[in-house]
Amino acid sequence: MLQLEWEDVLRYYTQDWVMKEIAEYARRRWVAVEGMGRGDKRIFIRYWSRGGPPIFLEKYEDVEKVLKSFHFLKPRTFYSTINIYGEILSREDLDLPEKILASSIVWDIDGVEGYWRECVEAAKLLVETLEEEGVQTSVYLVWSGRGIHVHVNGLAISEEMRKKYHPLNISYNIVEYIIGKIWKDFEEIASSVKPTLSRTMKIENKIDIKRVFTVPLSLHRSLDLAAVCFKPTDLKSFHINWADPSDPHHNTEWREYEVGEADALAIKAVKSLKSNILPEQITVRHTRKAVSRPPGRARVIGRFPVMALLQAARYFLLTGDLEKAQSFGLNRAIFYAWAKRRGRGVTRKVSEAKVAPPLQMRKPEMRLVHLGDEGIYQDESGWFRIGEERQLPEDYRRQVIEKFERIIPYDKVWAYALDYLKQFPRDTLLSQKEFYEEVYKPVRDKFLDMILKSEEA
């Protein structure tokens, strides 16, 4: 639960040293800011104004400018792209790969609250593997709130190498390559972490052209923790208390890098995987086996995104509300994943009303709504919710849309899902059991293949 009031947040960000660190890191990167709108709805801002230019921080005073310009949203968290750009004159420039000069190489170790030591162990594993590949000076880590982002400075790739292979392709391939090397050992660490309703420990490749990560020293969106930087040599002594915003333990050596240090690793990864992620190359990239997957990730897309997609399409066809559909779809996918871990069969017509924690049922701001015979909790803002976690459209984008878009444009996926569900009678869509058994289950492991085959036809 957040304890910092807006005045505390403002006081934290307007410290000279904090503004200077944020501005220096974010310089020449596209910045995003998150704040709160009406009804505690999170607002994500990437432009100075509607129709205006992208947010870039050229000097430390620009941090204060953001706080003043968007004070009505009470800015909480700063993000920036992995990309370092040349001159940006318009929004359209951001879609041009040639404007990207370098891209950070980032692994997202996403943890579960209370299990920060396991995240440190996973980071050690990753850092040791990078050292074996000759990459050490250019590595730094950022405590992200519930996990760790492991970075390799994008300038550790020489200019010559960045001209030969685009920086984004290099970053994607290196991240994927290293995940493949450590996957079995990472699974062993992750297996010791008890999952919650909405979170499990995972390591992800989130490299894409507009991906943003938390800026060092930014406050977390929902935890009173600062995104402190530290170096691999700090891993043995790291403690979660370092992220206390009242006294952050922050290592400014994130600036260190060695030009060309990661070139050999880049060549090895690119030649091994040959994955291209630039927008104009997406259709080339995914010829079913284009990307080498770590053991246990053989499917190109997992069941979770398929469940979320079909549940969202189901809700949309029944109600016509797209935003709520995305919240509903993600909510149901999270809930059924939890029910499966708890051994509760969905064919027994399990509803959240029967298994929700008692505390959740007593919350006055929560209400039970029904889609057909299925009960789901909705908060006062209209978003679906499990425990303390709301499922928002931006969460659906991150956990579902972006996973499909690595393979095929989402608009095609969405259109196919709607056409598929239209084959079934309304009564089937209104029945929890029939939807699971007759709509989802027969296609859960082949839905992506069905879409790809329809595109080839």
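The values are calculated or read from the model by the stated rules, or taken from the named source; none is laboratory data. In this text the structure is predicted, and so the values were computed from the model without any measurement. We place every Cβ from the backbone using ideal geometry, glycine too, and count neighbours over all the protein chains shown.
Miscellaneous remarks
- Hits in the stretch 386-398 - residues which are modelled with pLDDT of 90 or more and either in a strand (DSSP E or B) or polar (S, T, N, Q) (or both): Gln391
- Qualifying residue in the stretch 367-388 (condition: outside the structural domain of Asp40 (by TED's automatic domain parsing), closer than 30 Å to Ile277 by Cβ and polar (S, T, N, Q)): no
- When Glu437 is tested against (1) in a helix (DSSP H, G or I); (2) surrounded by 15 or more Cβ atoms within 10 Å (Cβ to Cβ); (3) at pLDDT 90 or above, just one condition goes unmet, and that condition is (2).
- Qualifying residue in the stretch 72-83 (condition: within 21 Å of Ile207 (Cα to Cα) and at pLDDT below 90): no
- Selected residue (only one of Lys412, Lys324, Lys340, Lys354 is in a helix (DSSP H, G or I), more than 17 Å from Arg444 (Cβ to Cβ), of a type in the set (D, E, K, R) and modelled with pLDDT under 85): Lys354
- Condition check for Tyr396: of a type in the set (Phe, Trp, Tyr), under 21 Å from Asp208 (Cα atoms), free of Cβ contacts under 8 Å to residues at least 24 places away in the same chain and out of contact with any strand residue (DSSP E or B) (no Cβ under 6 Å at 6 or more places or on another chain): no
- Any hit, the stretch 101-119, residues being under 25 Å from Ser49 (Cα atoms), touching a residue at least 12 places away in the same chain (Cβ under 8 Å), not small (Gly, Ala, Ser) and not in a loop (DSSP other than H, G, I, E, B): no
- Hits in the stretch 399-419 (condition: more than 13 Å from the chain's Cα centre (by Cα), in contact (Cβ under 8 Å) with a residue 60 or more places away in the chain and within 16 Å of Gln311 (Cβ to Cβ)): Phe404, Val413, Trp414, Ala417, Leu418
- Set Ser191, Ser246, Ser275, Ser237: member being in the same structural domain as Tyr172 (by TED's automatic domain parsing) and in contact (Cβ under 8 Å) with a residue 12 or more places away in the chain: Ser275
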